[in-house]
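The values are calculated or read from the model by the stated rules, or taken from the named source; none is laboratory data. All values reported here derive from a predicted model rather than from experimental measurement. All Cβ positions, glycine included, derive from the backbone under ideal geometry; neighbour counts span all protein chains shown.
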């Protein structure tokens with residue numbers, strides 16, 4: 001086993017999503033036999049998520065769970081805190097949202113498969129079917145990127161590239177840019193050949209309103225300036 005591999009971190013940023021947060025945590029513990037450290041980064045929730053987070057060690061006694069309460073500064077800040085912890089501890093990391101992991105899918109252990117892929121020398125990042133998308137020409141037309149909601153990132157990638165660029169406003173862009181950095185670093189994107197999780201888009205992204213359009217336009221313009229595209 002690689003020296004840095006050991007036990008990966010599974011990181012869930014949480015803000016006001018109690019119902020689905022409970023389901024997500026339960027599904028993680030039920031869906032893999034691999035050891036991991038579950039890190040919950042909770043950000044000033046007002047719906048009971050913060051209180052539930054503090055009870056997790058009682059609900060799942062004996063499980064390796066760490067709780068971090070932070071200011072509400074958006075998911076990108078929370079995920080970059082996860083990157084920082086992975087870098088300090090020399091760990092691989094798996095990011096997920098309050099999404100349900102499928103249990104016993106095809107009699108395969110998703111975390112075991114991610115760990116195996118992460119050991120490949122050219123693996124920069126790994127996901128599964130549905131774990132990303134295809135950029136349009138306001139970024140880089142037809143570029144295949146990996147989203148931040150079902151993402152396994154080896155320590156070697158984090159050591160080389162760090163975390164997300166926080167100049168991107170919440171919405172789209174930071175995950176596209178991170179995938180772009182991975183490819184330009186000579187690493188590859190890998191995908192497990194089935195759906196590991198059931199992804200639920202957060203409500204503010206379901207309605208492509210004028211504010212979301214503005215943010216996307218701003219983010220894509222920043223991306224193109226950064227890389228002189």
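Only one of (1) in contact with a strand residue (DSSP E or B) (Cβ under 6 Å, 6 or more places away or on another chain); (2) crowded, with 19+ Cβ neighbours inside 10 Å is not met by residue 17, so which one is it?
The number of the failed condition is (1).
I need the full set of residues from the stretch 118-135 which are surrounded by fewer than 18 Cβ atoms within 10 Å (Cβ to Cβ) and either in contact (Cβ under 8 Å) with a residue 60 or more places away in the chain or within 14 Å of residue 175 (Cα to Cα) (or both), in order please. Walk me through it before giving the result.
Taking the stretch 118-135 as the starting set, the residues that turn out to be surrounded by fewer than 18 Cβ atoms within 10 Å (Cβ to Cβ) are 119-122, 129-130, 133-134.
Matches in the stretch 118-135: 119, 120, 122, 129, 130, 133, 134.
Please go through the stretch 1-14 and give me each residue that is surrounded by 18 or more Cβ atoms within 10 Å (Cβ to Cβ) and farther than 15 Å from residue 94 by Cβ, ordered by number.
Matches in the stretch 1-14: 14 only.
Any idea which of 193, 99 is over 28 Å from residue 225 (Cα atoms), touching a residue at least 60 places away in the same chain (Cβ under 8 Å) and over 14 Å from the mean Cα position of the chain (by Cα)?
On the way: 99 fails: over 14 Å from the mean Cα position of the chain (by Cα).
Answer to the selection: 193.
From the set of residues in the stretch 23-70 that are in a loop (DSSP other than H, G, I, E, B) and touching a strand residue (DSSP E or B) at 6+ places or on another chain (Cβ under 6 Å), which is surrounded by the fewest Cβ atoms within 10 Å (Cβ to Cβ)? Reasoning before the result, please.
The initial filter retains those residues of the stretch 23-70 that are in a loop (DSSP other than H, G, I, E, B), namely 32-36, 44-48, 60-64.
When the remaining residues are screened for being touching a strand residue (DSSP E or B) at 6+ places or on another chain (Cβ under 6 Å), the result is 36, 64.
Details: 36: 19, 64: 14.
Among those that are in a loop (DSSP other than H, G, I, E, B) and touching a strand residue (DSSP E or B) at 6+ places or on another chain (Cβ under 6 Å), it is 64.
Scan the stretch 177-211 residue by residue and report those that are at pLDDT below 95 and in a helix (DSSP H, G or I).
Listed by number, the residues that qualify are 203, 204, 205, 206, 210, 211.
Restricting the stretch 16-60 to residues that are touching a helix residue (DSSP H, G or I) at 6+ places or on another chain (Cβ under 7 Å) and touching a residue at least 60 places away in the same chain (Cβ under 8 Å), which is farthest from residue 127 (Cα to Cα)?
17
Out of the residues in the stretch 140-154 meeting the condition of being more than 11 Å from the chain's Cα centre (by Cα) and surrounded by 22 or more Cβ atoms within 10 Å (Cβ to Cβ), tell me which one is modelled with the lowest pLDDT. Reasoning before the result, please.
Residues of the stretch 140-154 more than 11 Å from the chain's Cα centre (by Cα): 140-145, 154.
With the extra rule that they be surrounded by 22 or more Cβ atoms within 10 Å (Cβ to Cβ), the set shrinks to 145, 154.
Details: 145: 94, 154: 98.
That would be 145.
Residues 166, 159, 177: which one is over 20 Å from residue 89 (Cβ atoms) and in contact (Cβ under 8 Å) with a residue 60 or more places away in the chain?
Numbers: 159 fails: over 20 Å from residue 89 (Cβ atoms); 177 fails: in contact (Cβ under 8 Å) with a residue 60 or more places away in the chain.
Just a single option satisfies the conditions, and that option is 166.
Only residues in the stretch 204-229 that are within 16 Å of residue 181 (Cβ to Cβ) count as the first member; pair them with residues that are surrounded by 13 or more Cβ atoms within 10 Å (Cβ to Cβ) and at pLDDT below 80, Cβ under 7 angstrom, at least 6 apart or cross-chain, and list the lot.
From residues that are within 16 Å of residue 181 (Cβ to Cβ), the pairs are 219/171; 219/172.
Residues in the stretch 72-114 that are assigned to a loop (DSSP other than H, G, I, E, B), modelled with pLDDT under 95 and under 20 Å from residue 175 (Cβ atoms): how many?
Residues meeting the conditions: 5.
Exactly one condition in (1) touching a helix residue (DSSP H, G or I) at 6+ places or on another chain (Cβ under 9 Å); (2) under 22 Å from residue 23 (Cβ atoms) is not met by residue 123; state its number.
All conditions are met except number (2).
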